[in-house]
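Take a look at the structure below.
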Amino acid sequence: RARRTALVRLSRTLRNIERRTQRRTVVAAALIVDRKVLVAQRAMPPQLAGQWEFPGGKVERGETRAAALMRECCEELGCQVAVGPELGRGPLADRAELVLFHVSLLPGSPQPRALENQDVRWLSARELEGLDWVGSNGRYVTEVTARL
Ligand code: C5P
C-alpha cells in the first residue's frame, strides 16, 4: 500500500512538471473571404479589452492544431472552416507559442458572426494597418496581407 501511495504521488509530480514545462500552443485563424480577413475584438480580460486579434485559442491535450482551430472557429464564430497553410508563428508569454493559419470557410457553412462577447469585422489589407492588436498579432499583418 505504501508503494502504491508513493507511485501515485510520483505520477502526480511528473504530471505537474509536464504541465509546467510543456509549451502551450495557441492557434489563430486568418479567415479570408473575398479579399478580406476576419478580425475579432476582445472584451476579456480587461487588459486586452478593445484590442483586435485573429480568432483562436489554446490547443487542448491530445488535440491536433487543425482540430483545435476548427473547434475554436465553431465556438467563437459559429462557422465551419478548412485549415490551410501556416502563415507564421511566434512566442507568447508563459512559454506559449502562437501559430497562425490561413483558414477558409467550408462550403455550406453558416457565416461567421460574433458569439463570445466580442465584435468581429471583415477588413481589407489597408484597414489592417494601424489596428490596435492583441500582443504579437500585428506581426503577421504582412503575411496576411500577401494573401488578400
Ligand atoms: O483566447 P484565449 O483566451 O484562449 O487565448 C489564450 C491566450 O493566447 C491569451 O493570453 C491571448 O492573449 C493569447 N492569444 C493571442 N493571440 C490570439 C489568440 C490568443 O495572443 N490571436
### Query
Checking residue 125 against (1) among the small types (Gly, Ala, Ser); (2) within 10 Å of the ligand (Cβ to nearest atom); (3) in contact with a helix residue (DSSP H, G or I) (Cβ under 8 Å, 6 or more places away or on another chain), which test does it fail?
(2)
### residue 127 being open to solvent by 30 Å² or more (accessible area, probe 1.4 Å) and within 16 Å of the chain's Cα centre (by Cα)
no
### Task
State which residue pairs qualify: first residue on the phi > 0 side of the Ramachandran plot and inside the range 28-50, second residue surrounded by 14 or more Cβ atoms within 10 Å (Cβ to Cβ) in any location, beta carbons under 6 Å apart, and separation of 6 or more residues or different chains.
35/148
### Scan of the range 130-147 for residues that are more than 13 Å from the ligand (Cβ to nearest atom), open to solvent by 80 Å² or more (accessible area, probe 1.4 Å) and not in a loop (DSSP other than H, G, I, E, B), ordered by number
142, 143
### Task
Take residue 98 and decide whether it is touching a residue at least 40 places away in the same chain (Cβ under 8 Å), within 11 Å of the ligand (Cβ to nearest atom) and under 22 Å from residue 119 (Cβ atoms).
yes
### Message
Among the listed residues 79, 73, identify the single one that is in contact (Cβ under 8 Å) with a residue 24 or more places away in the chain, crowded, with 16+ Cβ neighbours inside 10 Å, touching a helix residue (DSSP H, G or I) at 6+ places or on another chain (Cβ under 9 Å) and under 13 Å from residue 103 (Cβ atoms).
### Response
79
### Query
(1) within 13 Å of the ligand (Cβ to nearest atom); (2) over 22 Å from residue 139 (Cα atoms); (3) free of Cβ contacts under 8 Å to residues at least 40 places away in the same chain; (4) surrounded by 13 or more Cβ atoms within 10 Å (Cβ to Cβ): which one isn't true of residue 67, the others all being true?
(1)
### Task
Scan 115, 92, 105, 48 and give me the residue that is in contact with an Asp or Glu (Cβ under 9 Å, 6 or more places away or on another chain) and open to solvent by 30 Å² or more (accessible area, probe 1.4 Å).
115
### Task
Could you check how many residues of the range 1-49 are of a type in the set (Gly, Ala, Ser) and at pLDDT 95 or above?
6
### Task
State yes or no: is residue 59 open to solvent by less than 50 Å² (accessible area, probe 1.4 Å), over 13 Å from residue 31 (Cα atoms), of a type in the set (Val, Ile, Thr) and within 14 Å of the ligand (Cβ to nearest atom)?
yes
### Message
Quick check on my filter: what residues within the range 1-32 are closer than 18 Å to residue 78 by Cβ and open to solvent by 50 Å² or more (accessible area, probe 1.4 Å)?
### Response
none
## Note on the structure
In the range 85-109, residues that are within 14 Å of the chain's Cα centre (by Cα) and assigned to a strand (DSSP E or B) total 13
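The values are calculated or read from the model by the stated rules, or taken from the named source; none is laboratory data. Quick caveat: nothing in here was measured; it's all calculated off a predicted structure. Virtual Cβ from ideal backbone geometry, glycine too; neighbours counted across all protein chains shown. For accessibility, only protein heavy atoms count, side chains too; no ligands or nucleic acids. Shrake-Rupley method; radii C 1.70, N 1.55, O 1.52, S 1.80 Å.
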